[in-house]
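Single-structure report; data block below.
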Amino acid sequence: MEIKIIKAGPDQLKAKPRDMSQLGFGDIFADHMFTLNYEAGKGWFNPTIKPYGDICLNPAAMGIHYGQEIFEGLKAHQGKDGGIYLFRPKDNFKRFNRSAGRMCMPEVDADFVLKCMKQLILLDREWIPKNQGASLYIRPTMIATEPHLGVRPSNAYLFFIIIGPVGAYYKEGLNPVKIYVEDFFVRTSKGGTGEAKTAGNYGASLLAAEKAKEKGFTQVLWLDAEEKKYIEEVGTMNMFFVIDNEVVTPPLKGSVLSGITRDSVIQTVKDWGIKVSERSLAINDIIEAAKNGRLTEAFGTGTAAVISPVGEITYKNEDHIIAGGTMGKLSHKLYDEIIAIQYGEKTDSHGWVERIA
Ligand SMILES: *Cc1c(COP(=O)(O)O)cnc(C)c1O
């Protein structure tokens, strides 16, 4: 398929943020976007890079009514050497296609959309921040577009990619966050859609997150839906705990999202010869370990923040300080290591980074 390119005219180009070191997350978008259409019986067609702008959806578009929507999140980094690097992009599209399968949506040709994505990034390369910590966030998305009311999979879809410069995800930066262990609401359950990056999971999480925010917490830590006993993950991050010098994270059993940062952390920690386990963690054991000093660090992992240290965890109205409320040693070392690989500054022994320019 030939990619059609409609470049933004001089009057369509947007002003870039004046200070790239003061960027927030998710509010600013570059000059162009990529779109690709699908129809049953015809397959994918009409790949186009065009000026960033509104998309036109029929009000009966099935994605709006029945939740067939999936997305991905990854970043492009500009290194000090001027190189532009992607981090494990193939893994994002593999996961995208797994999400598509779960939501009865068509798979994309991963190699092709990756090629389109790279072309989009290079066209808007001026939008990639050059300062460390900042990057270009990339959001591949698919939504059902067939105008039809009635619950069944749609016969038409729109795939698109939007990109925009972002700073660190959390206002706190690398400052430890306070998390609230949610023991009433649940995010998802076994057999549900927790493993898919699909819009409904996030819609379902908002009320608990808002309630936690009102109480001064940054994020909600979800427990398993069946027993409300085992740790699952936080908002958009997987969770890790360091207990008795062992790094532990909950296993992927269908309700936890298979994070690419999670996998990178597991592999890096293994490389360093530190013991790492994927096993179920009861919240009671975490609290016990926090009380008697065996829990030395806790952190979340995700593309947006990379590593987000947890300084305080609150369960059943009791607050527990972790690592003295600071960023733990291992959390810091992992952050430095992964960031250095992402910016092309450190040898990448796993073949994770791809230099595209
Ligand atoms: C995206 C996401 C993550 C993190 O995945 P990464 O691939 O590391 O960015 C974790 N949990 C949820 C619920 C997510 O949506």
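Couple of notes before you dig in:
- Neighbour-count order for 152, 18, 88, fewest beta carbons within 10 angstrom listed first: 18, 152, 88
- Averaging 1/r over each pair of different alpha-carbon atoms in segment 4-166 and inverting the result gives 16.6 Å, the Kirkwood hydrodynamic radius.
- Spatially proximal lysines relative to residue 190 (Cα-Cα < 20 Å; intrachain offsets below 8 disregarded): 228, 229, 253
- Taking each DSSP H run with n ≥ 4 as -39500 (n - 2.57) and averaging over every residue of the chain yields -7000 deg cm²/dmol at 222 nm.
- For a straight C-alpha distance cut-off of 20 angstrom, the lysines reachable from residue 115 (same-chain residues fewer than eight places away being disregarded) are 4, 7, 50, 75, 90, 94.
- Between the C-alpha center of segment 21-43 and that of segment 185-214 there is a gap of 24 Å.
- Projected-area mean, the chain, by convex hull of Cα positions, square nanometres: 18.4
- Whole-Å semi-axes of the ellipsoid equivalent to segment 1-76 (Cα gyration tensor, √5λ, descending): 27, 18, 13
- Cross-link reach list, aspartates and glutamates versus residue 316, counting only Cα pairs under 20 Å and skipping chain neighbours closer than eight places: 182, 183, 210, 214, 224, 226, 227, 232, 233, 285, 288
- Cα-derived Rg over Rh, computed across segment 230-357 with Rh taken as Kirkwood radius: 0.98
- Segment 121-234 - share of DSSP beta bridges that are antiparallel (%, nearest 5): 75
- Pairs beyond 21 Å (Cα-Cα), from 213/329; 178/211; 178/270; 16/333: 213/329; 178/270; 16/333
- For segment 102-243, the convex hull drawn through the C-alpha positions has a volume of 180 cubic angstrom per residue.
Every number here is computed from the coordinates shown, using simple stated rules; none is lab data. All figures in this text were calculated on a predicted structure; none of them were measured in a lab. Positions of Cβ are backbone-derived with ideal geometry, glycine not excepted, and every protein chain shown enters the neighbour counts.
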